[in-house]
Amino acid sequence: MKQIILALVAALAMATAALAHSKAEDTTPAGGATVEAVEVIELRFDDPMRVTAIALTGPDGELDITRETGLDPVTEFRAMPPEDMPAGAYTVDWRGLSSDGHPMQGSFDFTVAD
Ligand SMILES: [Cu+2]
């Protein structure tokens, strides 16, 4: 009996750890979207994420983006893209620390229409 309880406790602990990662739920622009213009880059997380790095790569290489969100953990991260973004394919890559302290990373793509 004691072993069964210990196994249950271990299984519960693992399930909790798996759920504790913050995840990117949604982005602006949406992943895979084709947009006319990009006003803002946003990442929304299910739990606070400390975004430590973010990069925007376009058809001509990496572009400068301006963080509006600092290094505090947030559920909504915002950055401003450059004013002129030529038509083409873009990728946003980010890295961060989840609320449970685990390093996380993600990326999404979008297209700026002609
Ligand atoms: Cu975790």
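The values are calculated or read from the model by the stated rules, or taken from the named source; none is laboratory data. Given the structure is predicted, the values throughout are model-derived calculations rather than measurements. As a convention, Cβ positions derive from the backbone with ideal geometry for all residues, glycine included, and neighbour counts pool all protein chains shown. Heads up: the accessible areas ignore ligands, DNA and RNA and are worked out on the full protein's heavy atoms, side chains in. Shrake-Rupley method; radii C 1.70, N 1.55, O 1.52, S 1.80 Å.
Tabulated results
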read-out: Neighbourhood net charge (14 Å Cβ-Cβ; Lys/Arg +1, Asp/Glu -1) for F108; value: -2
read-out: In order through the stretch 33-40: 3J(HN,Hα) via Karplus (6.51 cos²θ - 1.76 cosθ + 1.60), integer Hz, x for Gly, Pro; value: 6, 10, 10, 7, 8, 10, 8, 7
read-out: For the stretch 22-112, accessible area per residue (1.4 Å probe, heavy atoms of protein chains only), Å²; value: 55 Å²
read-out: ³J(HN,Hα) computed for each position of the stretch 71-83 - Karplus, 6.51 cos²θ - 1.76 cosθ + 1.60, integer Hz, glycine/proline x; value: 9, 6, x, 9, 8, 10, 9, 10, 9, 9, x, x, 5
read-out: Accessible surface of the stretch 30-73, 1.4 Å probe, proportion on carbon and sulfur as whole %; value: 44 percent
read-out: Neighbourhood charge, 15 Å Cβ-Cβ cut-off, centred on D26 and excluding it, Lys, Arg +1 and Asp, Glu -1; value: -3
read-out: Under the Karplus curve 6.51 cos²θ - 1.76 cosθ + 1.60, θ = phi - 60°, whole-Hz ³J(HN,Hα) for the stretch 98-114, x wherever Gly or Pro sits; value: 5, 4, 8, x, 7, x, 10, 8, x, 8, 8, 10, 8, 10, 9, 6, 4
